[in-house]
1. Please go through (1) farther than 19 Å from Leu95 by Cα; (2) of a type in the set (Lys, Arg); (3) part of a helix (DSSP H, G or I); (4) at pLDDT 95 or above for Arg283 and return the number of the only condition it doesn't satisfy.
2. Condition (residue is farther than 19 Å from Phe57 by Cβ, out of contact with any strand residue (DSSP E or B) (no Cβ under 6 Å at 6 or more places or on another chain) and buried (at least 24 other Cβ atoms within 10 Å of the Cβ)) applied to the stretch 95-114: is it met by at least one residue?
3. Can you tell me which residue among Pro282, Pro247 is of a type outside the set (D, E, K, R), surrounded by fewer than 17 Cβ atoms within 10 Å (Cβ to Cβ) and more than 19 Å from Gly122 (Cβ to Cβ)?
4. Exactly one of (1) modelled with pLDDT of 95 or more; (2) over 26 Å from Ala78 (Cβ atoms) is unmet by Leu114. Its number?
5. Could you check the stretch 183-212 and list, in sequence order, the residues that are over 17 Å from Asp31 (Cα atoms), modelled with pLDDT of 95 or more and surrounded by fewer than 18 Cβ atoms within 10 Å (Cβ to Cβ)?
6. Exactly one condition in (1) closer than 23 Å to Ser153 by Cα; (2) surrounded by fewer than 23 Cβ atoms within 10 Å (Cβ to Cβ) is not met by Phe3; state its number.
7. Quick check on my filter: what residues within the stretch 158-168 are in a helix (DSSP H, G or I) and loosely packed, with under 13 Cβ neighbours inside 10 Å?
8. Report, by residue number, each residue of the stretch 245-278 that is at pLDDT 95 or above and in a loop (DSSP other than H, G, I, E, B).
Amino acid sequence: MAFATADDGVNLYYEESGSGVPILLIHEFADDIRGWEPQIAHFGRWYRCIAYNARGFPPSDVPGAVSDYSQMRAVSDAITVLDHLGIEKAHIVGLSMGGFCALHFGLNHPDRALSLVVGGCGYGAEPGKKDQFRAEALTTAKSFAELGMDETSKRYSVGPTRVQFQNKDPRGWEAFAARLASHDATGCELTMRGVQAERPSLYDLVDDMTKLTVPTLIVSGDEDEPCLDPGLLMKRTIASSALVLYPRTGHACNLEEPELFNKSLHDFFTGVDQGRWGMRDPRSTISGITGMK
């Protein structure tokens, strides 16, 4: 097993496949490195594809204090993996919790990102939803602590943005649910408390996002309701961004629609690597239908 060690001594498990321009994959809360298998298999043919388990997700270490977990610590851990491998810049790809990490990576370390893929990002970000999301996150954390992984994962895996996967691909969903059930309850509880419940709203980051020039691809399923308006916010705010929606798709878009997801990212990376991904033409932001007055 291969590990990179963070500055606080936490060991982060990682895997890599292929060679060439590096891609760093950052997983969602309900999954781990195994959830990126369709992407590792695809992109490992053309890129140096790297995925790692966040702290709290074995075989990465599970530190025992909530203070060991935060949004910025998650960004720092991504930097740790790149530094350990001697990588100066990479395409940064994240889903959900990992999508927030990818966005914050770009906002705080734009010089280390060739591009950003921000997938399934926005839960609890809408105005008026932050307190509700935080309360739900803390309730879920309490469930991990008191009921354990088996019981809590059964509920979590059939949430309103997970049933699309279950209906579309029962076998794939069963594998996902089994991975979730295999996670460490303490790691899930503390990640939910320290990272999920305390992360800033996207709507508080608008000023920072207007300054972001790193090529950015925003990806979401069209039935991932909590991410739709935040996705539009990011598209309208980040001038270097594009927005992709997959039809009849929920939260785990990389698993529900792996071919569409891989093609979207592959086309995006190709444009970036060839220097053909520019900023949005300011003429396209003029209000009105024709632009004539």
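The values are calculated or read from the model by the stated rules, or taken from the named source; none is laboratory data. Keep in mind it's a predicted model, so treat the numbers as computed, not measured. Cβ placement follows ideal geometry from the backbone for every residue including glycine, while neighbour counts extend to all protein chains displayed.
1. (4) is the only condition that Arg283 fails.
2. At the first step, the residues of the stretch 95-114 found to be farther than 19 Å from Phe57 by Cβ are 103, 106-114.
If we keep only those that are out of contact with any strand residue (DSSP E or B) (no Cβ under 6 Å at 6 or more places or on another chain) as well, we get 107-112.
Applying the additional criterion that residues be buried (at least 24 other Cβ atoms within 10 Å of the Cβ) yields none.
No, the stretch 95-114 contains no residue that is farther than 19 Å from Phe57 by Cβ, out of contact with any strand residue (DSSP E or B) (no Cβ under 6 Å at 6 or more places or on another chain) and buried (at least 24 other Cβ atoms within 10 Å of the Cβ).
3. When all the criteria are applied, what remains is Pro282.
4. Only one criterion is unmet by Leu114, namely (2).
5. Within the stretch 183-212, Val206, Asp207, Asp208, Thr210, Lys211 qualify.
6. (1)
7. Residue satisfying the conditions is Asn167 alone.
8. First, the residues of the stretch 245-278 that are at pLDDT 95 or above: 245-277.
Within the stretch 245-278, Pro247, Arg248, Thr249, Gly250, His251, Ala252, Glu257, Gln274, Gly275, Arg276, Trp277 meet the criteria.
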